[in-house]
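Report on the structure given below.
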Amino acid sequence: MDNMNNNLPERDGFASKFGIIAAAAGSAIGLGNIWKFPYITGIYGGAAFIIVYLACIAIIGTPVMLSEFTIGRRAQKNAIGSFKKLSPNTPWFITGWMGFLAAFSILSFYGVVAGWTLDYIVKSVMNTFAGSDADAIAGIFGGLISQTWTPIFWQVVFMALTAGVVLGGIKDGIEKYTKILMPMLLVIIIILDIRAVTLPGAGAGVAFLFKPNWDLITGEAILSALGHAFFSLSLGMGTMITYGSYIGKKENLGEVALQVTIADTLIALLAGLAMFPAVFAYGIEPAAGPGLVFITLPNVFQQMPGGYIFQIMFFTLLAVAALTSSVSILEVVVAYFHEEKNISRKSAVITATVAITILGMAASLSMGPWSNVLIPLPGFGSVGIFDWLDLFSANYLLPLGGLFISLFVGWAMDPDDLYDEVSNSGDLKVPYLAGFKIATKFIAPIGIAIVFLNNFGIFG
Ligand code: PHE
């Protein structure tokens, strides 16, 4: 296995068409959809934020995803190597390096949240929430994350699982599981939706999701929507460049990009629909922050037939969804160490995992004993370590990475190469080509730049 991975030029590919979509969707669908999307929607006030988010996905996310697939499949290399190969002796590879930094900071806090889901599997099995009211359930969550050792223990377990899967390779590792488990997750979320919208008092939550209040849309809210579009679609840091390099030459890249985007967006919206009716029904604060899913859903499971089993399944599948995403994040760092620094894949996995886990421990501690450690982040005031890593990566590094990726495809990549790659050497019709070019040359870069500058008050 290690040998196969060491031999990256003969890249380990995806076996079936559904496998590709499942793996790319597996990277995209994760805590971003089910944990983060609902809680930031809660913070920024609901429907209007969702509309801005959907616009970012459609106008900027989709073309950037196709750009990443195109770069990766053309170059047949990792994120940094792809730029070096397609544009030798230019500084474009710095984009890949930024992706490395983003991967490092995202995975550090991602592992912490994924650790909470592991703890929640155990809590669900032990029926810890039985008989607790909404306040008690919130207290159980607060009790968990503010401890020193328990969250770190679960974070370490999760990071070890991530490292294990990355060592296992693509076909046997990622593809096999995502194909079955992602559709199962979808089914459970739909069941939750049905229960949530039929709860007494659910109407206010449905209104929160569908009735926009534009007063709440500030520069910060728009940047967060854009940043989350990148985070949720796994864009701006080279994950989809790397996965693109595994996609077979016969696949239609435009179609794959569209399908992954739709699947990811659908899951996020369905997760929001499962959350907010319940949030209002149980009198939970919509802007409760990172704990929202953990303090809302146990209430719902308690009031549903088979809730005990469904809750165990839900947190298990959420952990798996997190795993198929964390694997794709670790892969970016490992590929950098391995291919650019000539370290064996095994040592690269171990080194990267240990370093990221240590940084993640600081993020975990910032939820409890270190909560008074605040670090300034321009545009966001002073925030704790966990939030700093999250905001810095999602709202700075990923949009900037996306800006450079679209500029690269729009302006630097040879147009013949571009056409050749998206059309499979002329085999496919690409009616969207002109639009794609305008999107990567102008719309995406200008859009990102405006959102960015706007947050810093440049436009008043
Ligand atoms: N898209 C993943 C999620 O929504 C997180 C992720 C971000 C994965 C960036 C890869 C790259 O959970």
*Can you tell me the 0 to 90 degree angle between the C-alpha axis of helix 398-407 and the longest principal axis of the chain, rounded to 10?*
30 degrees
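Highest first, please rank the peptides 416-426, 344-354, 34-44, 327-337 by the mean number of other Cβ atoms sitting within 10 Å of their residues.
Ranking the peptides 416-426, 344-354, 34-44, 327-337 by packing returns 327-337, 34-44, 344-354, 416-426.
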*Under 28 Å from the Cα of K437, which lysines turn up, not counting those fewer than eight places away in the same chain?*
K17, K77, K84, K85, K249, K250, K429
*Linear extension gain, Y308 paired with L216, 0.36 nm per residue minus alpha-carbon span*: 29.4 nm
*Mind listing the Cα extents of the chain along all three principal axes, in Å, largest one first?*
63, 50, 42
*Does a label point 7 Å from the Cα of D417, set along Cα-to-beta-carbon, have any residues of the range 56-87 with amide nitrogen under 20 Å, and which are they?*
63-87
_Treating only the Cβ of Lys, Arg, Asp and Glu as charged (+1, +1, -1, -1), what charge dipole size does the chain show about its Cα centre? Round to the nearest 20 debye._
460 debye
*Which three extents, in whole angstrom, do the alpha-carbon atoms of the range 252-366 cover along their principal axes, largest first?*
55, 44, 28
_0 to 90° range, to nearest 10: angle between helix 149-168 axis and the chain longest Cα axis_ = 30 degrees
*Give the angle, between 0 and 90 degrees and rounded to the nearest 10, that separates the Cα long axis of helix 93-125 from the longest principal axis of the Cα atoms of the chain.*
30 degrees
*Cα Rg, Dmax (largest Cα-Cα span) when computed across the range 183-262, Å*: 18.0, 52
*Provide Rg and Dmax in Å for the range 125-226, with only Cα atoms included in the calculation.*
19.6, 49
*Based on the Cα atoms of the range 379-442, what semi-axes does the equivalent ellipsoid have, where each is the square root of 5 times one gyration tensor eigenvalue, given in whole Å with the largest first?*
36, 11, 10
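Using mean Cβ contacts within 10 Å as the protection proxy, how do 300-310, 370-380 order, highest first?
300-310, 370-380
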*Putting +1 on Lys and Arg Cβ atoms and -1 on Asp and Glu Cβ atoms, find which of G306, T351, V256 reaches farthest to the positive end of the dipole of the chain.*
V256
*Please give the contour-minus-distance gain from D427 to S371: 0.36 nm per residue of separation, less the Cα-Cα distance, rounded to one decimal in nm.*
14.5 nm
_Residue-span extension gain [I358 to V157] - 0.36 nm each, minus C-alpha spacing_ = 71.1 nm
_Candidate lysines for bridging to K123, where Cα separation is under 25 Å - those fewer than 8 sequence places away on the same chain excluded_ = K36
*For the range 331-460, what size does the Cα cloud have along each of its three principal axes, sorted from largest down, in whole Å?*
58, 51, 21
*Is it possible to state the helix-based mean residue ellipticity at 222 nm for the chain, with each DSSP H run of 4+ residues giving -39500 (n - 2.57), the sum divided by total residues, to the nearest 500 deg cm²/dmol? What is it?*
-21500 deg cm²/dmol
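The numbers here are math on the coordinates, done by the rules we state, and not lab data. Quick caveat: nothing in here was measured; it's all calculated off a predicted structure. Virtual Cβ from ideal backbone geometry, glycine too; neighbours counted across all protein chains shown.
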